[in-house]
Amino acid sequence: MQSTVFTPWEDPDAKPLIRFQNVTKRFGTFTAIDDLSLDIYEREFFALLGPSGCGKTTMMRMLGGFETPTEGRIELAGKDIVGVPPNKRAVNMMFQSYALFPHLSVWDNIAFGLRRDKRPKAEIEARVAEMLKLTRLEKFAGRKPHQISGGQRQRVALARSLAKAPKLLLLDEPLGALDAKLRQDTQFELMDIQEKTGTTFVIVTHDQEEAMTVASRVAVMDEGKLIQVATPDRIYESPANVYVADFIGDVNIIEGRATPGEDDTYAIDWAEGEVPLQATSATRFDKGQTCYLAIRPEKVTISTDRPEGAVNAVQGKVLDIAYLGNLSTYHVELPSGMVIKAQTANTRRISRRSFTWEDPVWLSWTVTGGVLLAG
Amino acid sequence: MRRFLLIAVPYFWLLALFLVPFVIVFKISLSDIALAIPPYTPTLDFSAGWAGVRAFFSALDFENFTWLTQDDLYWKAYLSSLWIALISTAITLAVGYPIAYAMARAPEEWRPTLMMLVILPFWTSFLIRVYAWMGILSQEGFLNQFLMWLGIINEPLTILNTNTAVYIGIVYTYLPFMILPIYAALDRLDESLIEAAEDLGCSRLSAFWLVTVPLSRNGIAAGSFLVFIPALGEFVIPSLLGGSGTLMIGKVLWEEFFSNRDWPVASAVAIILLAILVIPIVLFQRNQQKQAEAEQ
Ligand SMILES: Nc1ncnc2c1ncn2[C@@H]1O[C@H](COP(=O)(O)OP(=O)(O)OP(=O)(O)O)[C@@H](O)[C@H]1O
Ligand SMILES: [Mg+2]
């Protein structure tokens, strides 16, 4: 194994920092976390992604010590931590609601945890100053939480959780209220901190781009279960199922029936009277098995004429154009009524665009352009 | 114009219900005692015209206030009232805070019932409740009988007609005024703040001192003022439960007014009491205002 690449999850001898073992959490009769097992390794930047209410915060709260699992065990550095109170865990949490102390100034909020450790005054002052600088809050140190903006509050919460430099830092949607620029800066800042301090981060986010940017691994959750845990590129390029493919980024899903061909290639009958689509897949499909072809819009080429020698080509007309600045997404309607999205980079000025509404166009993609999924 | 009317209505009430009675009492405090109806002179006689008004004003003086400084009964009564009010406020806080805390932490569905229980005593007349305490605290009362039955004491304790009984009475009577504002403050307290404190290394107890108590400070202040202000002028409780040794200004006032029929001195006592109360009342208002600002 290469030593430069950080992939402890592929090393069978690596000891995970956090280990969820068949953890179930019920609130009354409602199951928030359902028999979940997960290993997170030291120095990882682990992102939890999933729709609202899927149990992300609940997982964080169990790690922080605010909820006890109904079943199963949670280990931190090899020790069972179920029943250990929050103040006895080397874990800090940034709360989704920030939970800033309204009676304390920004400065005192950040210093709160350091003071509890009875650190020397000079050290506390230095550390708080460092945190204020990091989160660009120097000017607001003397204000109370109700005297600053939502984004500033979020940064105070972040600074407060970072201040103690814990072994494990839990961030519940840490950057949701920040503007795009500051968010990006903070993301890189977080990655930088992580690299410098070697802290393990678990981050909850609704922003998949953010997860992709910062995380070493991403877990996609749904209804208290893990659907897929993998590196961002694997989640994106080879999603485990339609749910993950659909949840992460934009995707075209074409349903059809598989017919195995040579070299892991499959022919997919997807519409009456149309030429079957070709796709490769490492997983086996039986003849006639229902399958889903997931194609990312950026893998679909759009052209006026049918491209020479294209394996997969379909004709349609432009229904809609979404201009995103650097990119344009074309919504192309096929004769069957299905809409396929194709994305192109806007290298030319918009006035010189080759296609416009109602234009008949060809869409094409390669054999490996799509991913064949069972469900 | 409409705005003016809207403002005028509360000001009118304030004028009619506070300022006018105050001026009347203040005027009586400057008068002299007389064997007449009403029992003081001078009274304003408009039939005499301008000369009558002048005679009226020239007859007013600060004699009664001077008298209050000469007899040490009065300032002792003021001091003792302040002391008793202060101690009973502290005890009420010590008793009320845990009750309010327990209420705020109780399951949601229990809270209306608990709130009912706190307010329930108001359904019975205050006087009857104080009389009931006489029955409990007297030599042959329930408390002594119960303690003797338990074998804790052999001789009945003398509680009734002592300051202890006054403290018990005040704490019992004003407890709801302490509980309700503290409960309101604790009820608003965000649970995740306690969790954040624990997350940052606080034990349960230190989270309580560092987060819960400071954040319920406004409730504590409101409750303390609501107990302290009426307790200072309290008259019924010291007269019914207190003994001859219990010196409270409310009792002195009552005696001046009804036993001595000295309205002018009684009025002077009342004016001084009001002056003393202005300080905590202003502080109370400031606290309420600060609280309102903080909530915005
Ligand atoms: N104390 C509780 N009592 C009952 N149900 C709860 C409790 N806490 C959470 N739940 C439920 O558990 C589920 C998971 O909640 P959780 O807060 O973990 O969601 P989430 O993934 O963080 O969502 P979001 O992205 O909206 O923050 C939700 O359906 C929620 O209603
Ligand atoms: Mg959440």
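Reducing segment B:1-44 and segment A:82-129 to their Cα centroids gives an inter-centroid distance of 57 Å.
The mean number of partner chain beta-carbon atoms within 10 angstrom of a residue's beta-carbon across peptide B:187-198 is 6.
Centroid-to-centroid, using Cα positions, segment B:88-104 and segment A:1-40 are 46 Å apart.
How much FRET efficiency would the formula 1/(1 + (r/R0)^6) give for residue A:331 and residue A:24, where r is the Cβ-Cβ distance and R0 is 45 Å, rounded to 0.05? Plugging the Cβ-Cβ distance into 1/(1 + (r/R0)^6) gives 0.60. The residues A:270, B:209, when put in order of fewest to most other Cβ atoms within 10 Å, stand as B:209, A:270. Take each residue of peptide A:98-105, count the partner chain Cβ atoms within 10 Å of its Cβ, and average: the result is 6. Rounded to the nearest 10 degrees, the angle from helix A:180-197 to the longest Cα principal axis of chain A is 60 degrees. Every Cα-Cα pair of segment B:66-295 was included, and the share exceeding 33 Å stands at 30 percent. Of the peptides A:220-228, A:133-141, the order by per-residue mean of other Cβ atoms within 10 Å, starting with the highest, comes out as A:220-228, A:133-141.
Prolate is the label for the protein assembly as shown. Its Cα gyration tensor axes, ordered a ≥ b ≥ c, give a/c of at least 1.5 and a/b above b/c. Taking Cα atoms only, the orientation of helix A:106-116 departs from the longest principal axis of chain A by about 70 degrees.
Excluding same-chain neighbours fewer than eight residues apart, the lysines reachable from residue A:299 by a Cα-Cα span under 24 Å are A:317, A:341. Partner shielding of A:113-120 amounts to 3, given as the average count of beta-carbon atoms from other chains within 10 Å of each residue beta-carbon. Peptides B:53-63, A:62-72 ranked from most to least packed by the mean count of surrounding Cβ atoms within 10 Å: A:62-72, B:53-63.
Shape class of segment A:85-182 from the alpha-carbon gyration tensor: oblate, with a/c at 1.5 or above and b/c at least as large as a/b. Each label was represented as a point 7 Å from its Cα along the Cα-to-Cβ direction; for residue A:147 and residue B:44 these points are 5.0 nm apart. Reachable lysines from residue A:144, Cα under 22 Å, same-chain residues fewer than 8 places away excluded? List returned: A:121, A:133, A:164, B:290. Would you work out if chain A is rounded, prolate or oblate? Take a ≥ b ≥ c from the square roots of the eigenvalues of the alpha-carbon gyration tensor; rounded if a/c is under 1.5, else prolate when a/b is larger than b/c, oblate otherwise. Since a/c reaches 1.5 and a/b is larger than b/c, the shape of chain A is classed as prolate.
Any read-out appearing in this document is the output of simple, stated calculations on the displayed coordinates, not a laboratory observation. This one's a predicted model, so the numbers in the text were calculated from it and none came from an experiment. Using ideal geometry, Cβ is built from the backbone for each residue, glycine included, and neighbour counts are taken over all protein chains shown.
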